[in-house]
Amino acid sequence: SHSSQHSTGAFGLANMKVLWLFCLTVLILLQDINAKKKPKPSKKCAADSTNTKKFQKYTVTKKVKGKTVSIADQPCWFDASRTDCGKCKDSGKACGFPMHKWCQNKKSKTGCQGIPNYKYTLSSSGYPCYWDPKKLDCAWCVPKRAQCKDSTQAQKCGSYCEPATSMKCDGVLTTCNNIPKCGFGASCEKQTGKCKCKKGLSGNGFQCFDSSTGEPAVNPNGNVEVSIDSESNFFIYPHESELFPTSA
């Protein structure tokens with residue numbers, strides 16, 4: 001009877017091990033199934049996956065190896081130093097960066113699809129950054145929208161805008177009343193909040209050019225902008241301490 005009890009106990013222990021192995025196998029399989037169900041986070045930006053077919057009716061195009069591509073040899077409205085923007089048909093107007101090789105309906109009041117937050121952003125570069133107005137690589141917003149602070153998302157896919165009430169954006173309206181920086185030869189039009197090139201000059205307000213010669217406007221005063229960082233140090237010493245500096 002003792003041996004039968006021993007064999008029964010051993011059999012029960014073996015069954016328990018088999019049950020544990022079965023449960024562990026099922027658990028691993030379930031985790032594997034759940035992992036496959038979860039969508040992998042997209043590593044691409046909106047511009048990488050945007051179908052440009054919608055822009056073709058507003059853009060001058062050509063066929064290259066059977067594929068329709070835009071003719072992008074025009075000056076860019078958001079950055080006059082570039083000449084790789086789309087050539088538009090009469091019904092179109094140029095998109096901002098990074099969709100700058102294409103054009104959209106000239107009646108559109110938003111940015112082109114593919115630009116980060118395109119409903120609020122006209123271009124992800126070309127406007128002075130509110131935290132550093134000397135830099136012209138921040139978002140150009142739809143009127144009454146705010147340029148958002150720098151972020152990991154902005155560094156990856158481009159600067160963008162959101163409604164001024166967005167706490168996450170923590171931004172500033174893109175007007176020269178809020179970001180007081182216009183280019184040489186331009187001044188801030190207070191009523192519209194836009195930088196305008198002065199008479200005899202043309203441009204986007206941040207880059208102005210002589211309308212007859214095409215030469216860029218220069219600083220009329222010849223002044224050089226200089227930024228100085230200063231640091232103050234405070235020391236506390238006991239009264240009449242030898243460490244306290246005194247005049248001889």
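Brief remarks follow.
- Checking each residue in the stretch 89-119 for being among the hydroxyl-bearing types (S, T, Y) and either farther than 27 Å from T61 by Cα or under 12 Å from the mean Cα position of the chain (by Cα) (or both) picks out only Y118.
- Positions within the stretch 188-222 being open to solvent by less than 70 Å² (accessible area, probe 1.4 Å) and part of a strand (DSSP E or B), in sequence order: C188, C195, C197, L201, S202, G203, C208, F209, D210
- Filtered by the rule that a residue be part of a loop (DSSP other than H, G, I, E, B), crowded, with 23+ Cβ neighbours inside 10 Å and among the polar types (S, T, N, Q), the stretch 138-163 gives a lone residue, S159.
- Qualifying positions in the stretch 164-187 - open to solvent by less than 40 Å² (accessible area, probe 1.4 Å) and either under 11 Å from A146 (Cα atoms) or assigned to a loop (DSSP other than H, G, I, E, B) (or both): S166, C169, G171, V172, T174, T175, C176, I179, C182, G183, G185
- Answer residue from the stretch 65-101, given it is touching a helix residue (DSSP H, G or I) at 6+ places or on another chain (Cβ under 8 Å) and polar (S, T, N, Q) and is nearest to G111 (Cα to Cα) among those: S91
- Enumeration of residues in the stretch 70-106 that are surrounded by fewer than 15 Cβ atoms within 10 Å (Cβ to Cβ) and of a type in the set (A, V, I, L, M, F, W, C): I71
The values are calculated or read from the model by the stated rules, or taken from the named source; none is laboratory data. A quick note: this is a predicted structure, and the numbers were derived from the prediction, not measured. Cβ sites come from the backbone with ideal geometry, for glycine too, and all protein chains shown count toward neighbours. Remember, those area values only see protein heavy atoms, side chains included, never the ligands or the DNA or RNA. Shrake-Rupley method; radii C 1.70, N 1.55, O 1.52, S 1.80 Å.
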